[in-house]
Amino acid sequence: MNFQQLRSVREAVRCGFNLTEAAHALHTSQPGVSRQIRELEEELGVSLFARAGKRLTGLTSPGSHLLPIIERVLLESHNLRQAGQEFAGQQDGQLSVAATHSQARYAMPLAVQEFRALFPGVKLHLHQGSPKQIAQMLLDGEAEVGIATEALGDYPQLVALPCYRWTHSVIVPPGHALLDGPLTLEALARYPLITYDTGFTGRTRIDAAFEESGLAPQIVLTAMDADVIKTYVQLGMGVGIVAGVAYEAERDTQLRAVDAGALFGINTTKLAVRRGSYLRGYVYAFIESFAPTLTRGVVEAALDVEPATGSVRPAPQRIEGAPAVH
């Protein structure tokens, strides 16, 4: 039994049982992946995959039972390498952080600047995506840290910790009528609105507020990031709703902002890591730079506790049917 056999099984499942795609992900040939899977099945004495001819069609019952163990073994092998590198080179390595545009653009720069000053030998890779994509990057091991407002707390395989709280702002051109009176949902509903895509930057709270008030907002344009929203508000296409941190009075001179926390509530940005992961020292340092309340002790304690029961979790398992991939 070897790790390549285990990786072949894992990638075959991740690629929807398409061995050509699995081979591409593993940088090998399709016959090679088939051979690795077959040799593992022979050693285990069970078939992991159901087949139609030479084509894989799904997992067998033994395969469904053994897949979480395979995932766990591969995760621990990654942890072993990380632990070795921790002692071999305290100041070297790489860190992959996945975040939404709003977090990467407005919330992370100071933390990144501080981290680079502390660990100049560490290569920092920033990935942007939707909240669901960020969660999947964490689950797949493509990122060690994920930062978003939405979705991250929905995955039991992840430890999602609160970082900071924020509110939305309504943005309009100077002289707009909404600047003259009290801001209400009824007043907003009279105008075409421009805001975030569904599932981004607190959009869930925006939709819920209008729905609870029995109002149907005229959302004419949505985007993944605040800079796009602000551009179209300046063009006169509608009233914008963005994260409060995204409005900068010194830069956004053609816009005005009104705090909308009373309308849409308070949002919480979360930072997530995969449960069971071994985090090198500089990963904890980055987390604390971004959210000073998340000290190493706080993160380590959260990694060791099962979220539902509070008991110690012996090892992480991949949950089939979890959402795919702010």
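The values are calculated or read from the model by the stated rules, or taken from the named source; none is laboratory data. Given the structure is predicted, the values throughout are model-derived calculations rather than measurements. As a convention, Cβ positions derive from the backbone with ideal geometry for all residues, glycine included, and neighbour counts pool all protein chains shown. All accessible areas refer to the heavy atoms of the entire protein, side chains included, with ligands and DNA or RNA removed. Shrake-Rupley method; radii C 1.70, N 1.55, O 1.52, S 1.80 Å.
A few comments on the model shown:
- Of the residues Gln254, Ala243, Thr269, the one whose Cα sits farthest toward the positive end of the charge dipole of the range 226-271, with +1 on the Cβ of Lys and Arg and -1 on the Cβ of Asp and Glu, is Thr269.
- Per DSSP, loop GluC sites (Glu not before Pro) in the range 114-164 with at most 10 further Cβ within 10 Å: none
- Summing Cβ point charges (Lys, Arg +1; Asp, Glu -1) relative to the Cα centre of the chain gives a dipole of roughly 600 debye.
- Cross-link reach is defined here as a Cα-Cα straight distance under 23 Å, omitting same-chain residues fewer than 8 places apart; for Lys132 the lysines meeting it are Lys270.
- Rh (Kirkwood; distinct C-alpha pairs) - the range 16-61, Å: 10.9 Å
- Positive-end ranking of Leu221, Leu279, Thr295 along the dipole of the chain, with charges on Cβ about the Cα centre, is headed by Leu279.
- Of all accessible heavy-atom area on the chain, the percent that carbon and sulfur account for (1.4 Å): 53 percent
- R0 of 30 Å, Cβ-Cβ distance Met1-Glu142: FRET efficiency to nearest 0.05: 0.75
- Computed FRET value (nearest 0.05) for Thr222 with Leu110, which takes r as the C-beta separation and R₀ as 35 Å: 0.80
- 1.4 Å probe accessible area per residue over the chain, in Å²: 48 Å²
- For the chain, DSSP calls about 60 percent of its internal beta bridges antiparallel.
- Per residue Cα convex hull volume in Å³ - calculated over the range 134-283: 124 Å³
- Cα gyration tensor category, rounded, prolate or oblate, for the chain with a/c compared to 1.5: prolate
- Label-point separation, Gln234 to Leu126 (7 Å along Cα→Cβ), nm: 2.0 nm
- Rounded Å value of the spacing that divides the Cα centres of the range 248-287 and the range 168-214: 20 Å
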